[in-house]
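*Asks:* Before anything else, here's the structure in question.
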Amino acid sequence: MKKPKLITRSHGAGGLLSQQLIAQQFAPLLKRAGQALNDAAVITIGDTKVAFSTDSFTVSPLFFPGGDIGSLAIHGTVNDVAMMGGLPEFISLAFVIEEGFSAQALHRITQSVAEAADRCSVAVVTGDTKVVERGAADGLFINTSGLGVVPAQINIDPRQVAVGDVLLINGTIADHGVAVMCAREELDVSGEILSDSAPVADITGQLINKLGEKVHALRDPTRGGLASTLNEITTQAGVILEIDQTTLPILPQVAGVCEILGLDPLQVACEGKVLAFVDGSVADEALTIMKSCGGGKQAAIIGQVIGADWPQVRLRTPLGTTRIVEMPPGEILPRIC
C-alpha cells in the first residue's frame, strides 16, 4: 500500500482508505492500539473490566429529521461501549465551537445532550470547551469518550465468530445516512425518512444477560454501513459470511432514494442498529429477545457464517445468485456522523 501524500475526506469515511490510514500512519507508532478497529477497547482496572471508547461528531447539518448532533453524540458513544459488552455509565463531552455560532442553537443542542443522557442512564462527568475562529469548525464539533463496566465472564470479540454463527440486525438499514443527506440537500422525497439515531444498549444487554457466551460479536454499522462493518468482522475472524438480500429490512422510501441516487444501502450509515453474531443454536431465541426490546420490532436474521480460511462477505440476491460485498474504498456520504 502506497502512503498518501495528503489526507482526504475519504480517509475518514470508515472504508478501505480509513483502514489503510490506521495501518500506515497510526498502528506502527501506537503499538498498543491493538483494539483500534473495534468500537471500544476492553481494559482491566484492578479486578474490573471496562469498555472505553472515544468518538468525534462533525455531522452536517447539525439538526436533521430524527435527531441532532447532541443526541447523536450520546447515542453513538453509548452504543460503542455496548458493542463490547459494556454497560454504559460515564461520558466526557468536549465542544469545539466556531466563533459567531448561535447561542440559542448551542442551548438547544446541549438540552438534547442532557435529554439523551437521561434516557440512556449515563452521566456526563467531565468536559471541555474550545472556541475557534470563523470558518475553522463549520459551526460546532463534539468529541466524546465513554466508559462502562463489562461483566467478568463476557468476552465480545469478532475473532470468536465461527462457522455456523448466525447474523441478526435489530431493524431497517441506511435510515440515518439517507435522512442526513436529504436534509442537507433539501431533497423532496415521498414518505418520511428519519434518522435511526438511538441507543441500543438495552438490546445488547438483554442478549448478553440471556445468551451469555453464545453472543460472539456485536457491532453498530455506522460509517461505511453494513459493507464496511461486516468486512471488518470477517477479516478479523477469517470467515465467509453470506447475507440474504430478501431478509434485509429496509424502508421502501429509503430504498427508493438509494436507487435514484445510485447508492448501495449496504454502504450507508445506520446510527441505531446493532449487528449480532450468535451461535446458530440460539438464533431464534436471539431474534425473540431483539423483537421484545425497544427499537427491535423489525429485527431479522439476515445471514450465516458458511466457511472459514479466508475473509469474504457474500450477498445472496432474490434471484438466487450471489455477489461479493466489498468494503467501500472511500467516502460514500460525507459528514453523516
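The values are calculated or read from the model by the stated rules, or taken from the named source; none is laboratory data. Computed from a predicted model, the values in this text were never measured in an experiment. Please note: Cβ atoms are built from the backbone with ideal geometry, for glycine as well, and neighbour counts cover all protein chains shown.
*Asks:* Name every residue in the range 114-137 that is touching an Asp or Glu at 6+ places or on another chain (Cβ under 9 Å), under 17 Å from PHE57 (Cα atoms) and surrounded by 15 or more Cβ atoms within 10 Å (Cβ to Cβ), in order of residue number.
*Replies:* ALA137, the sole residue that qualifies.
*Asks:* Moving on. Please find, within the range 78-108, the residue that is farthest from the chain's Cα centre (by Cα) out of those that are buried (at least 23 other Cβ atoms within 10 Å of the Cβ) and β-branched (Val, Ile, Thr). First the steps, then the outcome.
*Replies:* Restricting attention to the range 78-108, the residues satisfying the condition of being buried (at least 23 other Cβ atoms within 10 Å of the Cβ) are 78-86, 88, 91.
The next check asks that each one be β-branched (Val, Ile, Thr); those that pass are 78, 81, 91.
Values: VAL78: 11, VAL81: 11, ILE91: 17 Å.
In this case the residue turns out to be ILE91.
*Asks:* Here's a follow-up. Here is a check on your reading of the model: is THR222 closer than 25 Å to GLU98 by Cβ, among the β-branched types (Val, Ile, Thr), buried (at least 21 other Cβ atoms within 10 Å of the Cβ) and not assigned by TED's automatic domain parsing to the domain that holds THR77?
*Replies:* On the way: closer than 25 Å to GLU98 by Cβ: yes; among the β-branched types (Val, Ile, Thr): yes; buried (at least 21 other Cβ atoms within 10 Å of the Cβ): yes; not assigned by TED's automatic domain parsing to the domain that holds THR77: yes.
The answer is yes for THR222.
*Asks:* Further question: Assess whether ILE250 counts as being hydrophobic (A, V, I, L, M, F, W, C), under 28 Å from LYS210 (Cβ atoms), modelled with pLDDT of 95 or more and in contact with a Lys or Arg (Cβ under 8 Å, 6 or more places away or on another chain).
*Replies:* Values: hydrophobic (A, V, I, L, M, F, W, C): yes; under 28 Å from LYS210 (Cβ atoms): yes; modelled with pLDDT of 95 or more: yes; in contact with a Lys or Arg (Cβ under 8 Å, 6 or more places away or on another chain): no.
Against the criterion (hydrophobic (A, V, I, L, M, F, W, C), under 28 Å from LYS210 (Cβ atoms), modelled with pLDDT of 95 or more and in contact with a Lys or Arg (Cβ under 8 Å, 6 or more places away or on another chain)), ILE250 does not qualify.
*Asks:* Tally up the residues in the range 75-118 that are more than 22 Å from PRO199 (Cα to Cα) and either among the charged types (D, E, K, R) or in contact (Cβ under 8 Å) with a residue 40 or more places away in the chain (or both), please.
*Replies:* 5
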